[in-house]
Each structure stands twice: as structure tokens, then as C-alpha cells.
Amino acid sequence: MEQGTFRVKAGLAEMLKGGVIMDVTTPEQAKIAEQAGACAVMALERVPADIRAAGGVARMADPTIVQRIMEAVTIPVMAKARIGHFVEARILEALGADYIDESEVLTPADDKFHINKHDFKVPFVCGAKNLGEALRRIGEGAAMIRTKGEPGTGNVVEAVKHIRMVMSEIRLLQNLPEEEVAAFAKNIAAPIELVHETKKLGRLPVVNFAAGGIATPADAALMMQLGCDGIFVGSGIFKSSDPAARAKAIVAATTYHNDPKVLAEVSRGLGEAMPGLEISTIAPHERMQERGW
Amino acid sequence: MKIGVLALQGAFREHRWMLERCGAEAVEVRKPEDLDDLAGLVIPGGESTTIGKLLVEWGLMDKIRERAAAGMAVYGTCAGMILLAREIVGSDQPRLGLMDVTVRRNAFGRQRESFEADLNVPEFGAEPVRAVFIRAPFIELAGPDVKVLAAVGDHIVIARQGNLLATAFHPELTDDDRIHRYFIKMIQGKA
């Protein structure tokens, strides 16, 4: 019997596909998410929109929050550690969190290196803006990738940019003759074996979710149609006027992302979406997507 | 032979590939009408509470029960096993309830306790099955009509009852297609 193999770690992400993972900050919110059909929840002290508003240093949540949320629901519970903060990750692993997000939403703890994720039994998800970044994270042991988008904005434009970039780089790679693959790997600063594997598969070697700015059922369906395997919704649910209804609608829109009639039906009467932020109003050094190396 | 894969949430893509590899025509099922001409249906791994809610909400629950009663074979993996079970320990979540078994969810523990192991399944020959268990359930109690094909200790992890088959683990995450071939033989009346 073997625990913590890469197949077991990447396997949980496979099971989350076609589903919606929702940010929650209390056991009550976690229950609302589960009731709405979330396939997992992300346990946080604050949602990204509030982290952005508060400023300062954002850290791993208090273990009590993670634990109470784990006790409240039967679905998988994820939690965030700071980039490079392997001790926060060890704490979350000890608590029994089902997935760790080494996340740019929190303030990075290391300005050069990410966590050696191979070293853990618990699987990790990491953000990526392009293929090179995704494959570097997988090389470090990430068992799941997500777009970075721009968290806490309710603006899907950056997530769209990131999935389009990854998909177009994969299409380009697939058309390269073998002798050009090594130079391609060097240019995107990615491990060559993973570049070969991606070329062979025609997709990333692990599941790739959308995250960072998804606020409506239509946003979720858009990301699915662009090639994402599932959806993270951060501030988009509990910063909207009717979280339960919106959560349920985003779940349906993710499953029926190719069915415009269903999308029209579930998009009706959801009340106000979260307040949005235009990306150009955020100073470049305050953009969370720029964190990670 | 046309076999459906329930595609509401979870690892349905891998089951489709596996069935195609075994020579079956595999189609994704999201609406009641997709069930009409299927010889069999696979319910994949995923989140059983999510899939159960979508089954009710989109009118698939009763239709699957009807079609299974009329002879359509159903194979559930992991979440699919939970959805097939009549009883789920400590839960009133929506389910098909077709199989006379009691399952326990997350029975081996959380993700860090998830594991892979070699499983002896006499039905499939001497070569063990590499079984991948992810926050997996197991069957605690099985009725008299249920045939147990494999267990880990006392915990039943492969079971069959007539046209119903359930595994607690994920053959679709490996290259071993013996369980999918067995399911196809069940449909053909050869197993």
C-alpha cells in the first residue's frame, strides 16, 4: 500500500473536474457551498477582494478556521499557503487539508523559490499565467494547475488571457518538429521531459482549472469553453447579493457550459454580482498575478 | 455497443477513453434523453453530493432508475458506488439507491490517507489489479444478492448485483482495462 504517490495526488484533481471549488471563510458559508453543489471548498480567513482591500501581509489562515470548515462539510477542503512557505504547508498537511494552494493571493514568503511539493503527501495546486510557469510548478511537484487571473477583481479578463496563452503555447508546441523542442523548453524555462509529455498529450500533464476573476455563470462557462477543466470562484460568490443562488447557478453553468439555453435559464434573477475592478486601475506592483517565479 | 458515461462532474473523460479502447461506442450523458438507447451507463468518480444534486435537478435520477429496472447495466466507481448504494452511513444525500449495500463515504480517511495497492481479484485472473483509492468509500454491508469480487481486509471494494457493478477505486486512472471489459461482458450477458 502506497500513500502520497503522484497518481493519488493528481487523481483527486481528476475527480474535481467539471466542478466548482468555492472560497469560504466560515463553516456556515462552507455548508451553503456544499448545498449548492460545490465539489470542494477553499478555507480562508478572508476572500481575495477583502485581502486586496485590507493590504498589508496576507498569511495562511488560522488553523481553527480550516479545522471548523473541515468538520462542517464532507467534500474536500483546500487551504492556502504562501509561496515558498513550506512550514505553513506542513501545518496544513498536519491539519489534514485535502489540497494546498501555494497561492499568489497571499504575500509570498520567498522571493526566489517555490515549495518542493514532491516532498509532501498532500497534493498542491499552483497558479500559472503561461505554459512555462505551469510546467515549472508541475516540475516542483504540483498535481494541479489553475490560471492566476487577477484575484478579487470580479474581472475575468486576466484569467482569459492566461488560459488562452497556455492553450496557444500547447498548440504551437504540438506543431514543432522534434529538433526544435529543446530550444522551446529553454525559451519558456520549463523542464524538457514535461515539455515532451505536454507535446505528446496535447494538454498539460495535470488538470488545469480557471481562477481569478470569475463572477458569473457565463464567466464560468466561458472558461470551460476555452479549455479549463473546472472552476475556482473566490470572491465571486460570497461578495454577491445572493450567494446560494449564484453558487448553484455557477455549478450548473460549469456542467452545461456548452448549452446556451441552460446558461440563459440559470443566469436569470441572481441579483447583483460582486463589484468589479478594472485591471488598469490596479498598480502593476499590486497585481497578484505578478507573484510567483 | 453504445455505453453512456454520466458527465455531470468528475472523471468522465477517462471512462470514455477506457470504453473506446475496449471497442465500445462511448457517449457523454447530461440530459434524460441521452439515456434512451444505451446498453450500459458508467457513473464516474467525482463528488457524490455534487453529482447527486445535479441528477435530481436535471431530471436524470428517475430516468436512470427506470432504465436500470428495464435492464440497462450500470457501473459506478467511487462516487458512482456511493450513488448506487441504498444506504449511505450518516448521510441523507440524493442517490439512485439501486444496490442492496451500505456504503461509508471517505471510509479510508481524507486525501492524505488516499493510497494505491495491488488487489487480488480471482475473477480477473492471477495478475493483481493496481487499485487507486482517492478519499474512497467502501461497502460495509452487502445484501444476499450481492456478489463480492474483492475486499481490502473486511471492506468490500468490488461488488456486483445482477446488472449493477461497483468499485470503490479508479481503474480509469490506470492502464488496466479488465474491469471495463468485464462490464462490457456483463452487458453482453457473458459475465
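The values are calculated or read from the model by the stated rules, or taken from the named source; none is laboratory data. Note that the structure is a prediction, hence the values are computed from the model and not measured. Every residue, glycine among them, receives a Cβ derived from its backbone with ideal geometry; neighbour counts consider all protein chains shown. The area values use the complete protein model at the heavy-atom level, side chains included, leaving out ligands, DNA and RNA. Shrake-Rupley method; radii C 1.70, N 1.55, O 1.52, S 1.80 Å.
Observations on the model:
- Fraction of beta bridges assigned by DSSP in the protein assembly as shown that are antiparallel (%, nearest 5): 30
- Multiplying the residue separation of B:Asp175 and B:Ala39 by 0.36 nm and subtracting their alpha-carbon distance yields 46.6 nm.
- Normalised by the number of residues in chain A, the mean separation of alpha-carbon contacts (under 8 Å, six or more apart) gives a relative contact order of 20 percent.
- If only the Cβ of Lys and Arg carry +1 and only the Cβ of Asp and Glu carry -1, the dipole of chain A around its Cα centre is close to 220 debye.
- Dipole axis of the stretch A:1-108 (+1 Lys, Arg; -1 Asp, Glu on Cβ), positive-most option in A:Gln67, A:Ala10, A:Ala33: A:Ala10
- Per atom type, chain A shows carbon and sulfur on 53% of its accessible surface, probed at 1.4 Å.
- Per residue, the protein assembly as shown exposes 37 Å² of accessible surface when a 1.4 Å probe is rolled over the protein heavy atoms with every protein chain present.
- Amide H contacts for B:Val152 (H built 1.01 Å from N in the peptide plane; partners 5 or more residues away or on another chain; cut-off under 5 Å): B:Val157.
- For the pair A:Arg90 and A:Met1, label points projected 7 Å from Cα toward Cβ lie 2.6 nm apart.
- Within the stretch A:1-137: Cβ-based charge dipole about Cα centre, in debye rounded to nearest 20 (Lys, Arg +1; Asp, Glu -1): 300
- Each of B:Ala85, B:Leu60, B:Tyr75 was scored by the projection of its Cα onto the charge dipole of the stretch B:46-181, and the greatest displacement toward the positive side belongs to B:Leu60; charges sit on the C-beta of Lys, Arg, Asp and Glu.
- Backbone amide hydrogens, once placed in the peptide plane, bring B:Val27 within less than 5 Å of B:Ile3, B:Gly4, B:Val5, excluding anything fewer than 5 places away on its chain.
- Accessible surface ranking that places the most exposed of A:Thr153, A:Thr107, A:Thr281 first, with a 1.4 angstrom probe: A:Thr281, A:Thr107, A:Thr153
- Between B:Arg86 and B:Gln188, the simple label model (points 7 Å from Cα in the Cβ direction) yields a spacing of 3.2 nm.
- HN-Hα J in Hz across the stretch B:153-158 - Karplus 6.51, -1.76, 1.60, θ = phi - 60°, x for Gly and Pro: x, 8, 9, 6, 10, 9
- In the stretch A:1-155, the DSSP beta bridges split such that about 0 percent are antiparallel, to the nearest 5.
- The protein assembly as shown - mean residue ellipticity at 222 nm from DSSP helices (-39,500 (n - 2.57) per run, n ≥ 4, rounded to 500): -10500 deg cm²/dmol
- Here the gap between A:Ala189 and A:His118, fully extended at 0.36 nm per residue and compared with their Cα-Cα distance, gives a gain of 23.6 nm.
- Put a plus charge on the Cβ of each Lys and Arg, a minus charge on the Cβ of each Asp and Glu, and nothing anywhere else: the dipole of the stretch B:126-191 about its Cα centre is then about 200 debye.
- Accessible area buried at the B-A interface, both sides summed, 1.4 Å probe (Å², nearest 100): 3300
- Within the stretch A:229-269, the trypsin sites (Lys or Arg not before Pro) that combine a DSSP coil assignment with at most 11 other C-beta atoms in a 10 angstrom radius are A:Arg268.
- Residue (of A:Ser235, B:Leu98, B:Ala159) at the positive-pole extreme of the protein assembly as shown, dipole from beta-carbon charges: B:Leu98
- Put simply, the amide H of A:Thr147, placed in the peptide plane, has neighbours under 5 Å in A:Ala128, A:Phe209, A:Ala210, A:Ala211, leaving out anything fewer than 5 places away on its chain.
- With each label modelled as a point 7 angstrom along the Cα→C-beta vector, the B:Arg21-A:Lys261 pair spans 3.6 nm.
- The loop-placed chymotrypsin sites (Phe, Trp or Tyr not before Pro) in the stretch A:19-120, going by DSSP, that have at most 14 neighbouring Cβ atoms within 10 Å of their Cβ come out as A:Phe113.
- In Hz, Karplus ³J(HN,Hα) per residue of the stretch B:178-188 (6.51, -1.76, 1.60; θ = phi - 60°; x = Gly, Pro): 5, 6, 5, 5, 4, 4, 5, 5, 4, 4, 7
- Under 14 Å, Cβ to Cβ, from A:Gly154 - net charge with Lys/Arg +1 and Asp/Glu -1: -4
- Label zone of A:Asp62 (point 7 Å out along Cα→Cβ, amide N under 14 Å): in the stretch A:1-34 this covers A:25-27.
- Heavy-atom accessible surface of chain B: percent carbon and sulfur, 1.4 Å: 46
- What the phi angles of the stretch B:102-116 give under the Karplus curve with 6.51, -1.76 and 1.60, with θ = phi - 60°, is a coupling list of 10, 10, 10, 7, 6, 6, 8, x, 8, 4, 5, 8, 4, 7, 10 Hz, glycine and proline written as x.
- Summed residue charge, Cβ within 9 Å of B:Ala117's Cβ, Lys/Arg positive, Asp/Glu negative: -2
- Positive contributions from Lys and Arg (+1) and negative ones from Asp and Glu (-1), summed over other residues with Cβ under 10 Å from the Cβ of A:Val122, come out at +4.
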